[in-house]
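The values are calculated or read from the model by the stated rules, or taken from the named source; none is laboratory data. The model shown is predicted, which means the values in this text are computed figures rather than measured ones. Here the Cβ positions follow ideal geometry from the backbone for every residue, glycine too, while neighbour counts run over all protein chains shown.
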Amino acid sequence: MDIFFAPMEGMTPPLLRTLHNEFFGGCDKYFTPFISTNENYSLNQKEKKEIDHECNKDLNLVPQIISNSAEQSAGYIFDISEKYGYKEININMGCPSGTVVSKNKGSGMLKDKRFLKEYMDELFSLLYEQDKKAVPDISIKTRIGFYSEDEHKEITDIFLAHPVKQVIVHPRSRVRMYEGQTNLDAFSYMYDALKGAGIGVVYNGDINTPEDFEGIAERYPDLDAVMIGRGLLRDPSLARRIKGGKCIDNEEYLSYMEALLDGYMEQIGVEKFVLAKMKDTWSFSYRPFSGNDKGRRDMNKADSVESYRVCMRQFIRNSKLF
Ligand SMILES: Cc1cc2nc3c(=O)[nH]c(=O)nc-3n(C[C@H](O)[C@H](O)[C@H](O)COP(=O)(O)O)c2cc1C
């Protein structure tokens, strides 16, 4: 069973993905955070870097788009796959953020099932109407409903009617954001229905330890993959451990974080923005560390890259990890 590194806007830029792959490995695919389509069919500099092969060396990378327009989606899918040679494009139907949802993008696509069906019908007819063009594999990253988790059957029926290659399911509704237990009953239904129709299924949600992975893999042995997000920010060695490799230790954690700090300094250059990036990353990474609250406070107070580096060394070396 494969392991995918989840896309996380702001958290998993090319630098973090490539360093993660270099230091730890264990992930079979990485996904870009969403690229929002627009009527000019243009990519900004940041979006170009997200998919540029030079910035994503040695990664098996899947670009992700987010849209509310089948026409724009088809345009981006053809453009990105033709110009950059990607064989798979992922469509985001899961993002719960208010600004995204208000435009009927991300999980906002799941709100009105008639809209979702029309989008899917139009998208796949646009993709396949010109048989001179090669169509990349289309995968979808979805939730199991917008208002309620009971919507999963209707959503599954819409996916089943189209040549979707793989569906990555985060088994929560939009209204639950990332709260509460994932709904495995709804996931089981989607797993059986989609697999039964030859569509690949990936589980995503709350895999933070090798034991969490084992529980899912035992219950769903025919999954294509599990996708892990926050668990890999907390424990960057999680995928490696799941595959039988060693657990990260304090020195390895420090080398990785220093490489990230140096990389951001090289790419961004402005100290206060570099510190902001590091603080964002750390906001998901503190959890496995304990016993050094003062070290953590010092790190958060550091106001230059060099003092941050000193505090980070002190924090990591003098904390208990796991
Ligand atoms: C800060 C943040 C940013 C995210 N950005 C994206 C995104 O760009 N595209 C996407 O499909 N999911 C995004 N997600 C959702 C994650 O990919 C994933 O589905 C979620 O974190 C649940 O998986 P986990 O429990 O393994 O973290 C984001 C999540 C977080 C916390």
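Examine the stretch 115-124 for a residue that is within 16 Å of the ligand (Cβ to nearest atom) and touching a residue at least 40 places away in the same chain (Cβ under 8 Å), and state whether such a residue exists. Within the stretch 115-124 (the criterion being within 16 Å of the ligand (Cβ to nearest atom) and touching a residue at least 40 places away in the same chain (Cβ under 8 Å)), the answer is no, since none of the residues qualifies. So is ILE268 β-branched (Val, Ile, Thr), in contact with a helix residue (DSSP H, G or I) (Cβ under 8 Å, 6 or more places away or on another chain), modelled with pLDDT of 95 or more and not assigned by TED's automatic domain parsing to the domain that holds GLY26 or not? Yes: the conditions hold for ILE268.
Just checking, which of ASN38, ASN68 is in a loop (DSSP other than H, G, I, E, B), under 24 Å from SER107 (Cα atoms), touching a residue at least 40 places away in the same chain (Cβ under 8 Å) and polar (S, T, N, Q)?
ASN68
The helices (runs of 4 or more DSSP H) falling completely within the stretch 270-322 that include 3 or more residues that are under 19 Å from LEU16 (Cα atoms) map to 271-283, 305-317.
Does the stretch 171-180 contain any residue that is at pLDDT 95 or above, within 13 Å of the ligand (Cβ to nearest atom), in the same structural domain as GLY106 (by TED's automatic domain parsing) and over 19 Å from the mean Cα position of the chain (by Cα)? Checked against the condition, which is being at pLDDT 95 or above, within 13 Å of the ligand (Cβ to nearest atom), in the same structural domain as GLY106 (by TED's automatic domain parsing) and over 19 Å from the mean Cα position of the chain (by Cα), the stretch 171-180 yields at least one hit. The condition of being outside any loop (DSSP other than H, G, I, E, B), surrounded by fewer than 20 Cβ atoms within 10 Å (Cβ to Cβ) and not hydroxyl-bearing (Ser, Thr, Tyr) does not hold for GLU9. Comparison of ASN60, ASN38, ASN90, ASN44 shows that the only residue that is closer than 22 Å to ILE138 by Cβ, among the polar types (S, T, N, Q) and within 16 Å of the ligand (Cβ to nearest atom) is ASN90. For the stretch 248-270, the candidate set comprises residues that are surrounded by 15 or more Cβ atoms within 10 Å (Cβ to Cβ) and of a type in the set (Asp, Glu); within that set, the residue that is farthest from PRO14 (Cα to Cα) is GLU252. Does PHE4 meet the test of being at pLDDT 95 or above and away from the ligand (no atom under 14 Å from the Cβ)? Taking the combined requirement at face value, the residue does not satisfy it.
Each residue in the stretch 93-109 was checked for being assigned to a helix (DSSP H, G or I) and away from the ligand (no atom under 11 Å from the Cβ), and 5 pass.
Does any residue of the stretch 120-135 turn out to be among the β-branched types (Val, Ile, Thr) and in contact with a Gly (Cβ under 9 Å, 6 or more places away or on another chain)?
No, the stretch 120-135 contains no residue that is among the β-branched types (Val, Ile, Thr) and in contact with a Gly (Cβ under 9 Å, 6 or more places away or on another chain).
Only one entry in SER69, SER73, SER102 is within 24 Å of ILE158 (Cβ to Cβ) and surrounded by 19 or more Cβ atoms within 10 Å (Cβ to Cβ), namely SER73. Could you check, for the stretch 231-239, whether at least one of its residues is part of a strand (DSSP E or B) and under 29 Å from LEU19 (Cβ atoms)? Scanning the stretch 231-239 turns up no residue that is part of a strand (DSSP E or B) and under 29 Å from LEU19 (Cβ atoms).
The residues in the stretch 196-230 that are within 11 Å of the ligand (Cβ to nearest atom) and among the acidic types (Asp, Glu) can be counted, and the count is 2.
For the stretch 131-140, the count of residues that are touching a Lys or Arg at 6+ places or on another chain (Cβ under 6 Å) and either more than 16 Å from the ligand (Cβ to nearest atom) or outside the structural domain of THR99 (by TED's automatic domain parsing) (or both) is at least one.
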